[in-house]
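Some notes on the structure that comes next.
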Amino acid sequence: MSRKGVLPCFAAAGLAAASACAEPALEMFAVSDAVRVFEDGYGFPDKPAQEISVFGLRGEIVSAQCAVRARRGAAGLTVSVGPLARDGSADRIPAESVSWNFVSGVLVLTNTPKLKSEDLTRKAPARFPDCLAAERACDVAAGALKAVYLTVRIPAAAEPGVYRGRVAVRAGGDEASLPVALTVYPLTLPEQRHVLATEWFSTGVFKKHHGIDSEQSDRFWQMLRLYAENMAEHRQNVFEIGLGHIQSVLEKDGKLRFDFSAFDRYAQVFWDTGRMDAMETGFVAGRGKGGWSSREMHLESYGVKQEADGKVKRLSGEEFLPQFLPAFVAHLREKGWLGKTLFHICDEPANHNVLAWREAAEFVRRCAPELRRIDAIETPHCQGCLEVWVPKLDHLATWQNAYEEARRGGNELWFYTVGIFQGGSLMNKTVDVPLIETRLMHWLNYRYDLKGYLHWGFNHWTDDPWNAPGQHRGDGWHVYPARDGLLDSLRWEQMRNGLQDYECLWLLEDKIRQIRATLSPRAAGYLDPRRRGVEIASRVVATYTDFSRDPEALYAARRQAIEETLALSRSPVVVLQTEPPEHSVVANNCAIDICGWAEPGTRLTINRQEATVQPDGLFLAQVQPARDTGTITVEAESAKGRAVLERRFQLQVQPAAK
């Protein structure tokens, strides 16, 4: 792979030959949406594609990317995209459904610590592409590359097929264009989300970055709604809200009265998107002297307004929470939010303070047993004190057995990442790691049946997030500030894409679940609806530390999940399961245990051996993989058609003779 990305043109002698080899002023190339295109050509492929080819589901938002090279420099480069027309019909995806942005970079002076060089996109200092810029024209230096990021909203009612169009660029009198081909599959992306995702945000930046002084202003609420819609558009379905929005009054008789109106108004902004499934709140405990390293952890104190004189009095958590938490639960129940509420104790307890954290968690449980407790944790010792466990990814990978044991005990398991404080060669979100890792996190969610993902940084910007991103190297935000709104990032788009990938795997699982529901109890008992999706996800994420950063591998697995889902609606229908799962390493000459279901009347052969299909469709067999390919091939025939299913295994190498 060339790091300069220069495509040579060898001129022959003579004016005619030189003219024929003249290089165009502007060139366009198709590149994956899951990579960064550096303006200096670093890592750019020698032979990039000449057509943008993408695929998706109805109702999905898909991404594409192209790069423009200006041979002589280009001033005022602009982009235009026309409608996409379906082959053989008058159907169109209108040009308004295709948006584009130039990609601007973030200056990183030193790379993220704790990472090996091969875990980084390139060595710093460098400007790493990330922000989807608002500018509609830009200048490109001579010989430089400029990335153009495309976003296509596939209408929910779009007819399946291949839609074609072009994306063009112009600078002065120079032009270039690329063909675009979008394949729309006859499946619809579920509107309902089947994995939870949350990005913590702050309104404390509204003044500096949006020019909003008061939380009581109309602009504040307009901006908050814009944030909520942006999150929902990117399939974030959990939002955070602080208890500080609730006003407390100490009445003359010593009882507390609570005003939830400001809390409700704030929360309703997010519920009104129609796409939020849960709400985080709480954080009722804090650390002692020394901050994160403190062994102490205590319940927070709370300011309450005294009814008698209007002065504010501080109450300890031990005094305040026994009255507040039952009233809070009653209010949540009245609003219909109780089952959607996740309640934090204190962020990131670790072994040095987990015993104090447990006391706080147990106190909350005594006051409000109805609340589901959640925390980002750096310890496996939370048994009995937490319903939703959110370990940091490096701890989850290291202490996997302990966390799996917690899940078997009835707890829900998520994970979180935190850039510079995460060890190991694991997926990360700083701007100097491969872009695809942001997307792979939700393949990991599916691979390990993790129910959610938590991240601390939606908009925790530095003063200048483009030129001075600080120690977190962009991990503190997924969007960039504009005075009147937000600018999305490559990582934010890829996070949405990963959540959509999750739904593609879920669709396959759901289709198998629907089939299983129609079967005899005997046949249904052999089928695990998740098994096939996990096998496909394992092509991309084999383990926590073994995953592919190749976009082609990801897209091949995604396409496979979609096409296998569709195949389960065509006769003959066959659901196939193997033990061990596909892609496992198996001994030479071993037998693969095979079970599954086929439509009654289907004739099956497995590696050319006839298999018996029972009257209820159940079939069982044990077959050795093909010695040369490690493949199990199932051929199914019925009066309605024919199907071929393959499963591949890694055969151990025969030891060399001594």
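The values are calculated or read from the model by the stated rules, or taken from the named source; none is laboratory data. This one's a predicted model, so the numbers in the text were calculated from it and none came from an experiment. Glycine gets a Cβ as well: all are built from the backbone with ideal geometry, and neighbour counts include every protein chain shown. Just so you know, the surface numbers come from the protein's heavy atoms only, side chains and all, with ligands and any DNA or RNA stripped out. Shrake-Rupley method; radii C 1.70, N 1.55, O 1.52, S 1.80 Å.
Which condition number does H331 fail, the rest of (1) touching a residue at least 40 places away in the same chain (Cβ under 8 Å); (2) under 19 Å from A360 (Cα atoms) being met?
That leaves (2) as the condition not met.
With buried (at least 20 other Cβ atoms within 10 Å of the Cβ) and not in a helix (DSSP H, G or I) as the only criterion, which of G498, G474 stands out? Spell out how you get there, then give the answer.
Values: G498 fails: not in a helix (DSSP H, G or I).
Sole residue among the options that is buried (at least 20 other Cβ atoms within 10 Å of the Cβ) and not in a helix (DSSP H, G or I): G474.
Would the stretch 627-643 turn up any residue that is crowded, with 17+ Cβ neighbours inside 10 Å, touching a residue at least 12 places away in the same chain (Cβ under 8 Å) and assigned to a loop (DSSP other than H, G, I, E, B)?
Within the stretch 627-643 (the criterion being crowded, with 17+ Cβ neighbours inside 10 Å, touching a residue at least 12 places away in the same chain (Cβ under 8 Å) and assigned to a loop (DSSP other than H, G, I, E, B)), the answer is yes, since at least one residue qualifies.
Just checking, how many residues over the stretch 539-578 are under 15 Å from L645 (Cα atoms) and of a type in the set (S, T, N, Q)?
6
Can you pull out the residues in the stretch 192-239 that are within 21 Å of the chain's Cα centre (by Cα) and in a helix (DSSP H, G or I)?
Scanning the stretch 192-239 gives L226, Y227, A228, E229, N230, M231, A232, E233.
Between a residue in the stretch 99-124 that is farther than 16 Å from R36 by Cα and any residue that is in a strand (DSSP E or B), which pairs come within a Cβ distance under 6 Å, given they are 6 or more apart or on different chains?
These pairs meet every condition: S99/T151.
Determine the pairs where a residue that is within 10 Å of C504 (Cβ to Cβ), located within the stretch 543-564, has a partner that is part of a loop (DSSP other than H, G, I, E, B) and modelled with pLDDT of 95 or more with Cβ atoms under 6 Å apart, the partner being 6 or more residues away or on another chain.
A557/R539; A557/V540
Can you find even one residue in the stretch 273-282 that is under 24 Å from T198 (Cβ atoms), of a type in the set (D, E) and part of a loop (DSSP other than H, G, I, E, B)?
Taking the stretch 273-282 first, the residues under 24 Å from T198 (Cβ atoms) are 273-282.
With the extra rule that they be of a type in the set (D, E), the set shrinks to 277, 280.
When the remaining residues are screened for being part of a loop (DSSP other than H, G, I, E, B), the result is 277.
Scanning the stretch 273-282 turns up at least one residue that is under 24 Å from T198 (Cβ atoms), of a type in the set (D, E) and part of a loop (DSSP other than H, G, I, E, B).
Within the stretch 425-433, does at least one residue satisfy the condition of being among the aliphatic types (A, V, I, L, M), over 30 Å from P322 (Cα atoms) and assigned to a helix (DSSP H, G or I)?
No: zero hits.
Quick check, is V68 open to solvent by 10 Å² or more (accessible area, probe 1.4 Å), closer than 30 Å to P125 by Cβ, at pLDDT 95 or above and among the β-branched types (V, I, T)?
Details: open to solvent by 10 Å² or more (accessible area, probe 1.4 Å): no; closer than 30 Å to P125 by Cβ: yes; at pLDDT 95 or above: yes; among the β-branched types (V, I, T): yes.
It is false that V68 is open to solvent by 10 Å² or more (accessible area, probe 1.4 Å), closer than 30 Å to P125 by Cβ, at pLDDT 95 or above and among the β-branched types (V, I, T).
What's the total number of residues in the stretch 98-141 that are open to solvent by 20 Å² or more (accessible area, probe 1.4 Å), within 27 Å of A64 (Cβ to Cβ) and not in a strand (DSSP E or B)?
Of the residues in the stretch 98-141, 8 are open to solvent by 20 Å² or more (accessible area, probe 1.4 Å), within 27 Å of A64 (Cβ to Cβ) and not in a strand (DSSP E or B).
So which residues in the stretch 527-544 are open to solvent by 20 Å² or more (accessible area, probe 1.4 Å), closer than 17 Å to H442 by Cβ and either assigned to a helix (DSSP H, G or I) or modelled with pLDDT under 95 (or both), if there are any at all? Even if it seems obvious, please write down each step before you answer.
Here is the first cut: in the stretch 527-544, the residues open to solvent by 20 Å² or more (accessible area, probe 1.4 Å) are 528, 530-531, 534, 538-539, 542-543.
Those still in the list that are closer than 17 Å to H442 by Cβ too: 530, 534, 538-539, 542-543.
Of everything in the stretch 527-544, those that are open to solvent by 20 Å² or more (accessible area, probe 1.4 Å), closer than 17 Å to H442 by Cβ and either assigned to a helix (DSSP H, G or I) or modelled with pLDDT under 95 (or both) turn out to be V534, S538.
Just checking, does the stretch 581-597 include any residue being touching a residue at least 40 places away in the same chain (Cβ under 8 Å), among the aromatic types (F, W, Y) and touching a helix residue (DSSP H, G or I) at 6+ places or on another chain (Cβ under 9 Å)?
yes
Search the stretch 73-85 for residues that are on the phi > 0 side of the Ramachandran plot and pair each with any residue that is surrounded by 15 or more Cβ atoms within 10 Å (Cβ to Cβ) when their beta-carbon atoms are under 7 Å apart and the residues are at least 6 apart or on different chains.
These pairs meet every condition: G73/V140; G76/A171.
Show me the strands (runs of 3 or more DSSP E) entirely contained within the stretch 297-405 in which 2 or more residues are surrounded by fewer than 17 Cβ atoms within 10 Å (Cβ to Cβ).
The strands (runs of 3 or more DSSP E) meeting that bar are 302-306, 312-315.
Considering only the stretch 421-431, how many residues are surrounded by fewer than 24 Cβ atoms within 10 Å (Cβ to Cβ) and in contact with a Lys or Arg (Cβ under 7 Å, 6 or more places away or on another chain)?
Qualifying residue count for the region: 3.
Keeping to the stretch 576-594, report how many residues are crowded, with 17+ Cβ neighbours inside 10 Å, under 16 Å from A523 (Cα atoms) and not aliphatic (A, V, I, L, M).
Counting residues in the stretch 576-594 that are crowded, with 17+ Cβ neighbours inside 10 Å, under 16 Å from A523 (Cα atoms) and not aliphatic (A, V, I, L, M) gives 2.
Only one of these is open to solvent by 10 Å² or more (accessible area, probe 1.4 Å) and more than 21 Å from S569 (Cα to Cα): A553, A524. Name it.
A553
Taking only the stretch 447-460 into account, find how many residues are out of contact with any Leu (no Cβ under 7 Å at 6 or more places or on another chain), assigned to a loop (DSSP other than H, G, I, E, B) and closer than 17 Å to E412 by Cβ.
2
Going through F44, F55, F102 one at a time, which residue ends up being farther than 19 Å from L26 by Cα and within 29 Å of the chain's Cα centre (by Cα)? Break it down into steps so the answer makes sense when it comes.
Values: F44 fails: farther than 19 Å from L26 by Cα; F102 fails: farther than 19 Å from L26 by Cα.
Within the list F44, F55, F102, the selection yields F55.
Of (1) surrounded by 20 or more Cβ atoms within 10 Å (Cβ to Cβ); (2) over 22 Å from A197 (Cα atoms), R513 satisfies all except one. Which?
Among (1) surrounded by 20 or more Cβ atoms within 10 Å (Cβ to Cβ); (2) over 22 Å from A197 (Cα atoms), the lone unmet condition for R513 is (1).
Which ones in the stretch 387-413 are within 24 Å of R366 (Cα to Cα) and in contact (Cβ under 8 Å) with a residue 40 or more places away in the chain?
V388, V390, E412
For the structure I just gave you, tell me whether R608 is open to solvent by 40 Å² or more (accessible area, probe 1.4 Å), within 32 Å of the chain's Cα centre (by Cα), farther than 25 Å from R522 by Cβ and not polar (S, T, N, Q).
no
From the set of residues in the stretch 437-463 that are of a type in the set (D, E, K, R) and open to solvent by 10 Å² or more (accessible area, probe 1.4 Å), which is nearest to I241 (Cα to Cα)?
Residue satisfying both the conditions and the ranking: K451.
(1) part of a loop (DSSP other than H, G, I, E, B); (2) touching a residue at least 60 places away in the same chain (Cβ under 8 Å); (3) in contact with a helix residue (DSSP H, G or I) (Cβ under 9 Å, 6 or more places away or on another chain): which one isn't true of L444, the others all being true?
Among (1) part of a loop (DSSP other than H, G, I, E, B); (2) touching a residue at least 60 places away in the same chain (Cβ under 8 Å); (3) in contact with a helix residue (DSSP H, G or I) (Cβ under 9 Å, 6 or more places away or on another chain), the lone unmet condition for L444 is (1).
F547 is checked against (1) surrounded by fewer than 23 Cβ atoms within 10 Å (Cβ to Cβ); (2) in contact with a strand residue (DSSP E or B) (Cβ under 9 Å, 6 or more places away or on another chain) and fails just one. What number does that condition carry?
Going through the list (1) surrounded by fewer than 23 Cβ atoms within 10 Å (Cβ to Cβ); (2) in contact with a strand residue (DSSP E or B) (Cβ under 9 Å, 6 or more places away or on another chain), F547 breaks only (1).
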